[in-house]
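Working notes, beginning with the structure itself.
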């Protein structure tokens, strides 16, 4: 999931960095004071989730949890996931510092999109309905991330279909696990802390 | 003697520390360059196309890994050799062997270079036939492989302390953000 240093061409790396800066700025602007602790907790869960490995074929894939972050935070998922990625690169050597921007966009942009699309659905209806939409959102976020990784590789010269297939199919188990996990997390949050999905003014956040 | 040489070379071979769970290394093997590519969990990259470039990026040739992730390449010119294997999904293994090292392989001892691998009486200095030499090299590789993998796994290990440290950093960062945001809010309302 994390693209390593040297796998991408320079324009892709630079473009990714610019897009990441834009996304972080956008996320910080839409991060109200009372949501900062939630962003911190989700950032920490993302950071740790990458250590849970699921062995697949010759490689192993790990959980991402970007869908959950997107559902809880919307645009604010961008800075939260970026911080997690930065620390993963520094502490574990996942990815690398030069490709940090690209990785941030690949992981955070699907999170934000899923947040924008599924958040109203998750907040509505019974907790169970919300959990089902949350699960779908969690799976979709991972799928979108694999496609984003494939696009980054394609822009650097790899064959898109091949790269996309490889990343997509190896992440199907992750999608399933993340869907279940996101669904369960949303269910729990809807039951015990429904105000997480409603901002202080009482409207949908 | 051979063992310590191989060990030192294996340790000196540039292990790309930045590659997340890809391990790769190159080392001299007789008149060839030998290398291995795999994942840090012990699975080796079988049947992987390895492209060979010189320092300037011109392609010198290509080779393929065997079932154990090993590949052989016979250098034709004493220039820097860069070996590149694409394991897919953004995993790229890149290994470099410096020009001086390649030159040492090619011109190591004129006797050895002159003797083709087919000539069984070569390598009189070691008192070994090429066949037993190859057998020995193979045995050494097999024995060293777990060691090298363990070393890489150790390097890539994400221990409990760094996990805790990372979480601490995250909470610290967000706490700082919270502080700044709160101060701004209070300052704005005052």
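Every read-out reported here was derived from the displayed coordinates using simple, explicitly stated rules and does not represent laboratory data. Since we're looking at a predicted model, the values are computed, not measured. Every residue, glycine as well, gets a Cβ built from its backbone with ideal geometry; the counts of neighbours run over all protein chains shown.
Summary of values
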{"item": "Angle in degrees between helix A:36-49 and the longest Cα principal axis of chain A, rounded to the nearest 10", "result": "40 degrees"}
{"item": "Top of A:126, A:50, A:30 by mean-square fluctuation, Gaussian network on chain A, Cα under 10 Å", "result": "A:126"}
{"item": "Amide N of region A:39-54 lying under 18 Å from the label point, which is placed 7 angstrom from the Cα of residue B:179 along Cα→Cβ", "result": "A:40-41"}
{"item": "Candidates A:95, A:74, A:139, ranked by Gaussian network fluctuation over chain A, Cα under 10 Å, top entry", "result": "A:95"}
{"item": "Three-way shape call for chain A based on the alpha-carbon gyration tensor, with the a/c threshold at 1.5", "result": "prolate"}
{"item": "Mean separation of Cα contacts under 8 Å (6+ apart) over length of chain A, as relative contact order %", "result": "25 percent"}
{"item": "Efficiency of FRET between residue B:134 and residue A:97 - r from beta-carbon atoms, R0 56 angstrom, step 0.05", "result": "0.85"}
{"item": "Cα→Cβ-extended label distance, 7 Å offset, between residue B:54 and residue B:72, nm", "result": "2.5 nm"}
{"item": "Spin-label pair residue A:176/residue A:52, simplified geometry with 7 Å Cα→Cβ offset, distance in nm", "result": "1.5 nm"}
{"item": "Residue B:47-residue A:169 FRET efficiency (beta carbon distance; Förster radius 22 Å; 0.05 resolution)", "result": "0.75"}
{"item": "Cα→Cβ-extended label distance, 7 Å offset, between residue A:128 and residue B:154, nm", "result": "5.4 nm"}
